[in-house]
Amino acid sequence: MARTDTRFRTAYNQLLDLLAPLPVGGVLRPETQMSETLRVSRTVVRAALRRMAETGLILIEGRSKTLMRHPLPRDRLPERDDYITLRELEGRFLDWVLRFDVPADTPLNVAQLAKQFSVPPHMLQEFLASLGQFGLVERRPRGGWRLLGFTADYAVELSEFRSLLELNAVQNVIARPDNDPIWGQLATLRARHHSLMRRIETDFHDFSRLDEEFHATLNAVVRNRFVSDFQKVISLIFHYHYQWDKQLERNRNEAAIGEHLAIIAALESRDTVAAMAAARIHLLTSKETLLRSLRGNRLV
């Protein structure tokens, strides 16, 4: 997902230091080299360069970047503590899409949304770029972004891909040795699920967070850098749609607790067949819940 604002500001100020020795009119190094020097992604470098272009510090012409003036002390970014975190931004963005029923093809005003979500524009740009990898938003031909929306087709494709990842995670859990931390984590989750089941009449709303933690714990066993970002966005989308589907919420949450406990029991018994079967049942239920939430919120 997107980098934090703190990391951006650090990289931005370091990039200013790299530009300082250049003569006015000098050409900046390629983005790849700057990324390697600063040890940040090219997305962060591009965001910093765009900001510098907006202040007149550099001129961007295609892939060529030219220094227009030397950096001044006022160009450095101060520390900021009043911005929300990336996790809060993720939540606020999806909450906005769901609460206000934002339709597909809606143009996204970065400046307006950045102010609304209490984040700097570059942080929102990076966040949208990360969502663009998963087909949720796309860049507009003349600049800016547009929301592609959460459609029924998207929900089906997302659910199918989620199944691939999570069934693989289940197999990875069972293969873990007895001294692996996952077994203690599952025991804790089992106890928390039983506790919530006893309080389900009054505290069924608490399941949403427990559901997120359950799936995150399983997925964390798979240490694959290419999979981790997909798992994050899948969890994010399912988590927030799950919150917004209010139809029979108490009964649905109670059933989901039972499905989680069935998965945990099979995992703790090292029963691969039972664990895979229980996981498939739960993933199918989650898929149906996601589709129902889309219909319920008129997003299809």
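The values are calculated or read from the model by the stated rules, or taken from the named source; none is laboratory data. On a predicted model such as this, the values are computed, not experimentally measured, just so you know. Using ideal geometry, Cβ is built from the backbone for each residue, glycine included, and neighbour counts are taken over all protein chains shown. Heavy atoms of the whole protein, side chains included, go into the accessibility calculation; ligands, DNA and RNA do not. Shrake-Rupley method; radii C 1.70, N 1.55, O 1.52, S 1.80 Å.
Table for the structure above
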{"item": "Selected residue (only one of Thr43, Thr55, Thr32 is hydroxyl-bearing (Ser, Thr, Tyr) and under 24 Å from the mean Cα position of the chain (by Cα))", "result": "Thr43"}
{"item": "Residue within region 144-161 that is open to solvent by 40 Å² or more (accessible area, probe 1.4 Å), in contact with a Gly (Cβ under 8 Å, 6 or more places away or on another chain) and of a type in the set (A, V, I, L, M) present", "result": "yes"}
{"item": "So Val119, is it in a loop (DSSP other than H, G, I, E, B), closer than 26 Å to Glu157 by Cα, open to solvent by less than 40 Å² (accessible area, probe 1.4 Å) and of a type in the set (Val, Ile, Thr)", "result": "no"}
{"item": "Options Ile182, Ile174: the member that is more than 26 Å from the chain's Cα centre (by Cα) and open to solvent by less than 70 Å² (accessible area, probe 1.4 Å)", "result": "Ile174"}
{"item": "Selected residue (only one of Gly62, Gly56, Gly25 is on the phi > 0 side of the Ramachandran plot and free of Cβ contacts under 8 Å to residues at least 12 places away in the same chain)", "result": "Gly62"}
{"item": "Criterion (part of a loop (DSSP other than H, G, I, E, B) and either surrounded by 13 or more Cβ atoms within 10 Å (Cβ to Cβ) or at pLDDT 85 or above (or both)) met by exactly one of Arg80, Arg92, Arg69", "result": "Arg69"}
{"item": "Selection count, region 192-209, where residues are more than 17 Å from Ile182 (Cβ to Cβ) and touching a His at 6+ places or on another chain (Cβ under 8 Å)", "result": "1"}
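A quick yes/no check of all residues on (1) open to solvent by 30 Å² or more (accessible area, probe 1.4 Å); (2) at pLDDT below 90; (3) hydrophobic (A, V, I, L, M, F, W, C):
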| site | (1), (2), (3) |
| --- | --- |
| Ala191 | yes, no, yes |
| Asp211 | no, yes, no |
| Ser228 | yes, yes, no |
| Gln231 | no, yes, no |
